1. I'd like the full set of residues that are buried (at least 20 other Cβ atoms within 10 Å of the Cβ) and either in contact with a Pro (Cβ under 8 Å, 6 or more places away or on another chain) or in contact (Cβ under 8 Å) with a residue 24 or more places away in the chain (or both), limited to the range 185-209.
2. Output the qualifying pairs, or none if there are none: Cβ atoms under 6 angstrom, residues six or more apart or on different chains, first residue in the range 62-87 and within 13 Å of LEU38 (Cβ to Cβ), second residue among the acidic types (Asp, Glu).
3. Against the condition of a type in the set (Val, Ile, Thr), buried (at least 16 other Cβ atoms within 10 Å of the Cβ) and more than 24 Å from SER176 (Cβ to Cβ), how does VAL71 come out, does it pass?
4. Could you look through the range 160-184, keep only residues that are without any contact (Cβ under 8 Å) to a residue 24 or more places away in the chain and small (Gly, Ala, Ser), and pick out the one that is surrounded by the most Cβ atoms within 10 Å (Cβ to Cβ)?
5. Considering only the range 134-149, I want to know if a residue exists there that is assigned to a helix (DSSP H, G or I), in contact with a helix residue (DSSP H, G or I) (Cβ under 9 Å, 6 or more places away or on another chain), surrounded by 15 or more Cβ atoms within 10 Å (Cβ to Cβ) and modelled with pLDDT under 80.
6. If you go through the range 66-82 one residue at a time, do you hit one that is outside any helix (DSSP H, G or I), farther than 20 Å from GLU162 by Cβ and not assigned by TED's automatic domain parsing to the domain that holds ILE180?
Amino acid sequence: MNQQPVPPRPVAGTAAAGSDLDLIRAVARKDRQAFKQLYDRYAPRIGSYLLKFLKRPELVDEAVNDTMLAVWQNADRFDPAAGQLSTWLFGIAHHKGLKVLRQTGKFRADQSIDTLPPAALDEAEDREDAPQAAAPHGPEQTVMGWELGGILKWALDQLSPEHRSVIELTFGEERSYPEIAEIVGCPLNTVKTRMFHARKKLAQLLARRGYWDAATAKE
């Protein structure tokens, strides 16, 4: 794939860490030290989000680089009156993630779990790599959250990219629904609908694996 490289990150610099607005304005002036600071500040968070969104670790670096390249090229288009810089950055990252999914054919093949018949859902649960249930009242008892471990990761992997994104942006990034709507580029009611279905299916998957408390903690 032919693409421009992300501007090189300086090895060292003396500029003090600035606010998001100061940094993006400096990046708009093609200040490479400011770009390095912005990269260091946001690339890890963007990478974490894209990893959960894409489910393909080998695709994350490309998507992060595409995101930061777009930031370098379009920093002058950021409007602070329209929202926070982090929201703008995650919006670019989400768009780049969708582009990667479409290029790999993963987006079309990753059918939304809302459309799966019960038999298909049961079949997905019975896969050999699916974690086994823990005793509902044993020491493995947990609550909903990103620290739930392998069972939650497995359950999240069953969701569509759209549903995984609203879960991660809500609980991982602590974004409001209006912010999520701006990031993913859809109406607010669509975000609410996706969250409803995502939580419903997560609860079903966790409950069927024996994590009753985790399935009902957020109901």
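1. VAL191, ARG194, ALA198, LYS201, LEU202, LEU205, LEU206, ARG209
2. Sorted first by the residue in the range 62-87, then by its partner, the pairs are LEU85/ASP20.
3. no
4. Looking at the filtered set, the residue picked out is ALA181.
5. yes
6. yes
The values are calculated or read from the model by the stated rules, or taken from the named source; none is laboratory data. All figures in this text were calculated on a predicted structure; none of them were measured in a lab. Glycine also receives a Cβ, built like all others from the backbone with ideal geometry; neighbour counts cover every protein chain displayed.
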